[in-house]
1. So, in segment 211-228, of the ones that are assigned to a helix (DSSP H, G or I) and open to solvent by 50 Å² or more (accessible area, probe 1.4 Å), which residue ends up nearest to the ligand (Cβ to nearest atom)?
2. Counting only residues that are closer than 12 Å to Val332 by Cβ and either assigned to a strand (DSSP E or B) or open to solvent by 20 Å² or more (accessible area, probe 1.4 Å) (or both), how many does segment 298-317 have?
3. Got at least one residue in segment 229-249 being of a type outside the set (Asp, Glu), within 14 Å of the ligand (Cβ to nearest atom), closer than 30 Å to Arg54 by Cα and open to solvent by 10 Å² or more (accessible area, probe 1.4 Å)?
4. Just one of the numbered conditions (1) buried (at least 21 other Cβ atoms within 10 Å of the Cβ); (2) within 16 Å of the ligand (Cβ to nearest atom) is not true of Ile291; which one?
5. Could you list, in sequence order, all residues of segment 252-288 that are open to solvent by 10 Å² or more (accessible area, probe 1.4 Å), outside any strand (DSSP E or B) and within 16 Å of the ligand (Cβ to nearest atom)?
6. Which number in (1) surrounded by fewer than 19 Cβ atoms within 10 Å (Cβ to Cβ); (2) more than 20 Å from Ala227 (Cα to Cα) marks the one condition that Cys63 misses?
7. Return the only residue of Leu169, Leu202 being touching a Gly at 6+ places or on another chain (Cβ under 7 Å) and farther than 28 Å from Glu253 by Cβ.
Amino acid sequence: MPDHDSQLASIGFVDGVPLPPPDSRDVALDASEVLAGLTAPQKRLSPKWFYDQRGSELFDEICKLAEYYPTRTELAVMRKHGAELADLVGPRAAVIEFGAGSNTKVRLLLDHLIEPAAYVPVDVSGEYLAQQAEELASDYPGVHVQPVVADFTQPFELPEHPVTPETNLVFFPGSTIGNFTRAQALELLEVMAAEAKPGGGLLIGVDLRKDPAVISAAYNDSRGVTAEFNLNVLARLNRELGATFDLERFRHEAVYDEDQGRIEMRLVSTCAQTVTIASVDVPLEQDEYIITEYSHKYSIDEFRALARRAGFVPARTWVDDDILFSVHYLKVQ
Ligand code: AVI
């Protein structure tokens, strides 16, 4: 198994922006990476640390919230257009999922595809990956399930299968691409194009630009689940690194910047205070904030242009009736 620490280092901060391996569960905290983010001029924490046990439960709860439209809308779009997608992809595809998220979406995909040959979930969190893969393997005996423990932001070796698949289909649902900056997203799409190989494709869910009020509500839900999800990362730092965050002295904030087309999630210090992390004192002024996540939104044309730059040819884009969310199928020629 590849060394976990070196993988984590390679998915650390790029240009001062924390790279998330989103939907990864239980990515270990790295004290020096945490401190680098919290002592930078603009304080940051990587969204990859949201997903401890509690954070993963809270994220699952977010996905069911009335205001959080992406999950149910993407599932509805995939359900509605699954047969058309299957025809476009063709038979005996190997599905390569970047990040091992919930099994619901890949099940839906495998149920529609024509004789899917293989399923390759790729994630840094080996334990979670193995558990998810085991469940899928028993329910889809005809599909060769072969998890790969790797940092998917870097090129990785694809496994051999007992029967050679006819095509590769990279799968990246959930608009997780939005948690990367646009420059990082381009690099990630390039890795995806390389893994899909000529003749292969990418099926990706992308949240759309829309009425800012709708986007803002999705990240500022009335039940406060997103606030709890955001604050939970501080509880995790206290528990795992012995940090001294008082959760009562921080509040959740999610601001939509329409020009940038992105939500910026923050933890705002409600008073002047000093927090200690791994024996390092970190002072915060009143109203100073820590950025914990970006969630970028794209227009259809904007996303297609980005994908083209990465070597894809857009084949088909599906959206829901309210044009909230897009699912793109793109090919590598
Ligand atoms: C995982 N990711 C696509 C979610 C998003 O919408 O950016 C994470 C999330 N953050 C707050 N709510 C959901």
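The values are calculated or read from the model by the stated rules, or taken from the named source; none is laboratory data. All of these numbers come straight from a predicted model, not from anything done at the bench. Note that we place each Cβ from the backbone using ideal geometry, even for glycine, and neighbour counts take in every protein chain shown. Heads up: the accessible areas ignore ligands, DNA and RNA and are worked out on the full protein's heavy atoms, side chains in. Shrake-Rupley method; radii C 1.70, N 1.55, O 1.52, S 1.80 Å.
1. Our first condition is that a residue be assigned to a helix (DSSP H, G or I); within segment 211-228, this holds for 212-219, 225-228.
Filter again for open to solvent by 50 Å² or more (accessible area, probe 1.4 Å), leaving 213-214, 228.
Working: Ala213: 16, Val214: 13, Glu228: 11 Å.
Out of the qualifying residues, it is Glu228.
2. Of the residues in segment 298-317, 6 are closer than 12 Å to Val332 by Cβ and either assigned to a strand (DSSP E or B) or open to solvent by 20 Å² or more (accessible area, probe 1.4 Å) (or both).
3. Going through segment 229-249, the residues of a type outside the set (Asp, Glu) turn out to be 229-239, 241-245, 247, 249.
Among the residues that remain, those that are also within 14 Å of the ligand (Cβ to nearest atom) are: 229-233.
Now narrow it down to the ones that are closer than 30 Å to Arg54 by Cα: 229-233.
Adding the requirement that they be open to solvent by 10 Å² or more (accessible area, probe 1.4 Å) leaves 231-232.
Taking every residue of segment 229-249 in turn, at least one turns out to be of a type outside the set (Asp, Glu), within 14 Å of the ligand (Cβ to nearest atom), closer than 30 Å to Arg54 by Cα and open to solvent by 10 Å² or more (accessible area, probe 1.4 Å).
4. It fails just one condition, (1).
5. Gln260, the sole residue that qualifies.
6. Going through the list (1) surrounded by fewer than 19 Cβ atoms within 10 Å (Cβ to Cβ); (2) more than 20 Å from Ala227 (Cα to Cα), Cys63 breaks only (2).
7. Answer to the selection: Leu169.
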